1. Can you pull out the residues in segment 171-213 that are surrounded by fewer than 24 Cβ atoms within 10 Å (Cβ to Cβ) and in a loop (DSSP other than H, G, I, E, B)?
2. For segment 217-227, does any single residue satisfy the condition of being in contact (Cβ under 8 Å) with a residue 24 or more places away in the chain, among the polar types (S, T, N, Q), touching a helix residue (DSSP H, G or I) at 6+ places or on another chain (Cβ under 9 Å) and in a helix (DSSP H, G or I)?
3. List the pairs whose first member sits in segment 181-199 and is free of Cβ contacts under 8 Å to residues at least 40 places away in the same chain, whose second member is surrounded by fewer than 24 Cβ atoms within 10 Å (Cβ to Cβ) and outside any helix (DSSP H, G or I), and whose Cβ atoms are under 7 Å apart, counting only residues at least 6 apart or on separate chains?
4. Can you name the residue in segment 82-100 that is more than 20 Å from residue 125 (Cα to Cα) and crowded, with 18+ Cβ neighbours inside 10 Å and is also modelled with the lowest pLDDT among such residues?
5. Can you tell me how many residues in segment 424-434 are surrounded by fewer than 19 Cβ atoms within 10 Å (Cβ to Cβ) and either modelled with pLDDT under 95 or charged (D, E, K, R) (or both)?
6. With the requirement that a residue be of a type in the set (A, V, I, L, M) and either part of a loop (DSSP other than H, G, I, E, B) or within 14 Å of residue 270 (Cβ to Cβ) (or both), what does segment 160-170 give you?
7. Can you name the residue in segment 91-132 that is among the β-branched types (Val, Ile, Thr) and touching a residue at least 12 places away in the same chain (Cβ under 8 Å) and, of all such residues, is farthest from residue 322 (Cα to Cα)?
8. Restricting attention to segment 222-258, which residues are among the β-branched types (Val, Ile, Thr) and more than 14 Å from residue 414 (Cα to Cα)?
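The values are calculated or read from the model by the stated rules, or taken from the named source; none is laboratory data. Note that the coordinates shown come from a computational prediction; the quantities given were computed from them, not determined experimentally. Cβ atoms come from the backbone with ideal geometry, glycine included; neighbour counts cover every protein chain shown.
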Amino acid sequence: MTGSDVLKTAAQLRAELGADYHDKLMEAIYTDASTIADRSISHDGASEHLTFDRALDRALTHPVLGFVVMGLMFFGVFWLTITGSNIPSSMLADLLLGTVYDALHNLAAALSAPAWLSGVLIDGVYMATAWVVSVMLPPMAIFFPLFTLLEDFGYLPRVAFNLDRLFAAAGAHGKQSLTMMMGFGCNAAGVVATRIIDSPRERLIAILTNNFSICNGRWPTLILMGTIFIGASAPPVLASAVAAASVVTVAVVGILVALAVSWGLSKTWLKGAPSVYSLELPPYRPPQILKTLYTSVIDRTLIVLWRAVMMAAPAGAVIWLTSNITIGDASIAGHMVNLLNPLGLLLGLNGIILVAYIVAIPANEIIIPTILMLTLTLGGSQMAQAGVMLELEDAQTYTVLTQLGGWTLLTAINLMLFSLLHNPCSTTLLTIWRETRSRRWTLVSALLPLALGFTVTFTTATLARLFGWA
C-alpha cells in the first residue's frame, strides 16, 4: 500500500484491507513521511545528503558564524563602494566643477549675461546639481549593483533570517534588516524597499527608522571628519585605522539607534506584537547580470539621482541668494549664522553648520562644500566667492575649519553624530510622503531624528564641558 491509497474513500479501504484497515493506513502514511524526510533532511553523519546549498546555509545562517559572514560581506560592499567611487567621483568633479563650470561662465560672458543671473544659474543651481551628481552617482552606481547581486544570489533572505530575532525583540519585522541595508545606499531607496513588509504597522516603523542608515550623501562628511580630526589625533601609523574605526562606529551606532527607536515606537505610537511570518529561503542561483544592471541602474540609481538633482537645484539658488543678498551690514546667510550660533555652540557645533544643514536639506552631498564656503566668506578670506561651493584638500580643510571656524575635536565628533541623526533629506521626505500619503508621519519622520540629534549632541557637548574635554 502507498500514500496514494489515502485518496480512496473510507468504505473502499475498509473493504480492501479488512478490520485492521486503520493500522495499515497509519503505517502507510508514516512510511511515506519517512521517505520524504530521508530525502529532505540531512542527519549527523549522513554526509551523502549534505548538498552545496545545505552546507552554505549551515554557514550563512549559523548563530555566530552567520553574523561574522554578514559583517564581512557588507563591510566588503561598503569598502568597495567607498574606495571604488573615489576615482570616478574625482573625474566627475574635475569635469563638472572644472571644465563645464568654466565653459558655462565663458558662455555667459560671451552672451553678456548679467552677473546676478549667471551667479544664480551657474554658481548656484548648476554648482549644487554638479556636486550632487559627482558625489552621489559613483557610489550608487557601485553599491546598488553589488546589493542587487546579493539579492539575486539569494543571500539577503539569509540576512533577514539572522537578524529576525533582533528586530522581533524590538517589535519590528525581520525584513526591516533588508530595508535598512538598502538605506545605506540611499534612504529614499530604503523607504521604497519597505514595500516587502506586509504589516502596515511594521512597515511604518521601518520607514521612520530608515534614516538611521547612513546614506552615501553622508559618507563624505563622516569620512572627512574621521580623517582630519579623529585619525589625525592618533599616531601616524594608526591614523587610517582609527579614522576608519570612527566611521564604522558611527554606522554601528546608527543600527543600534534604529533598533532602539523601533522598540520605542512599537511600545508607544505603533503598539503591537511582531507579526509571525514564514521566511522562505530561496535556492541559490547565479545572478543575471543584465537584469541586475537594469534593476540597479534604471530602477534605483537614476530614479533616485533624478529626484536628488531636482531637489538640489533650488537649494543651490537659495545658497547663492542668501550669500549675496545683503541686509544692513551682512548677507542673509550672515544674519542666519549669527542668529543660530548660540544654539549651535550649545550643541557643540556652530551657526555655520546649522545654516549649512538648513539650506542643504535637499542634498546632504553639499554640506561640506557649503560649510567651507560660509566659513571662508564670513571669515573674510579671499579663497572663496560668496555662494560658490568649493572643495579643498584635507590639510587645507583642517586649517580653514580650525583657524577660521574655531573647530575642535568636539565639533567634529558632534558633527558626525548630528550627520547620523538629523532629519532626512527632502528626497527621502518626498518618498516617505508618497509611500505613506500621510503628512503626519512625514512630519514625524523629519522631527523625530532631528530631536534625537539635538538631544545627543547637547548631551555630548555638556559632558565634554563638564569634564573639561571641550
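1. Scanning segment 171-213 gives 171, 174, 197, 198, 199, 213.
2. Narrowing segment 217-227 to residues in contact (Cβ under 8 Å) with a residue 24 or more places away in the chain: 217-227.
Imposing the further condition that a residue be among the polar types (S, T, N, Q) reduces the set to 221, 227.
Pick out the ones that are also touching a helix residue (DSSP H, G or I) at 6+ places or on another chain (Cβ under 9 Å) and you get 221, 227.
Checking which are in a helix (DSSP H, G or I) leaves us with 221, 227.
Yes, because at least one residue in segment 217-227 is in contact (Cβ under 8 Å) with a residue 24 or more places away in the chain, among the polar types (S, T, N, Q), touching a helix residue (DSSP H, G or I) at 6+ places or on another chain (Cβ under 9 Å) and in a helix (DSSP H, G or I).
3. 183/213; 190/213
4. Among residues in segment 82-100 that are more than 20 Å from residue 125 (Cα to Cα) and crowded, with 18+ Cβ neighbours inside 10 Å, the one modelled with the lowest pLDDT is 82.
5. Looking only at segment 424-434, we keep the residues that are surrounded by fewer than 19 Cβ atoms within 10 Å (Cβ to Cβ), and these are 430, 433-434.
Checking which are either modelled with pLDDT under 95 or charged (D, E, K, R) (or both) leaves us with 430, 434.
Counting residues in segment 424-434 that are surrounded by fewer than 19 Cβ atoms within 10 Å (Cβ to Cβ) and either modelled with pLDDT under 95 or charged (D, E, K, R) (or both) gives 2.
6. Narrowing segment 160-170 to residues of a type in the set (A, V, I, L, M): 160, 163, 166, 168-170.
170, the sole residue that qualifies.
7. Of segment 91-132, the ones among the β-branched types (Val, Ile, Thr) are 99-100, 120, 122, 125, 129, 132.
This time we only want the ones that are touching a residue at least 12 places away in the same chain (Cβ under 8 Å), so: 100, 120, 122, 125, 129, 132.
On the way: 100: 24, 120: 11, 122: 15, 125: 13, 129: 17, 132: 20 Å.
Looking at the filtered set, the residue picked out is 100.
8. Going residue by residue through segment 222-258, those that are among the β-branched types (Val, Ile, Thr) are 223, 227-228, 230, 237, 242, 247-250, 252-253, 255, 257.
Selection gives 227, 228, 237, 242, 248, 252, 255, 257.
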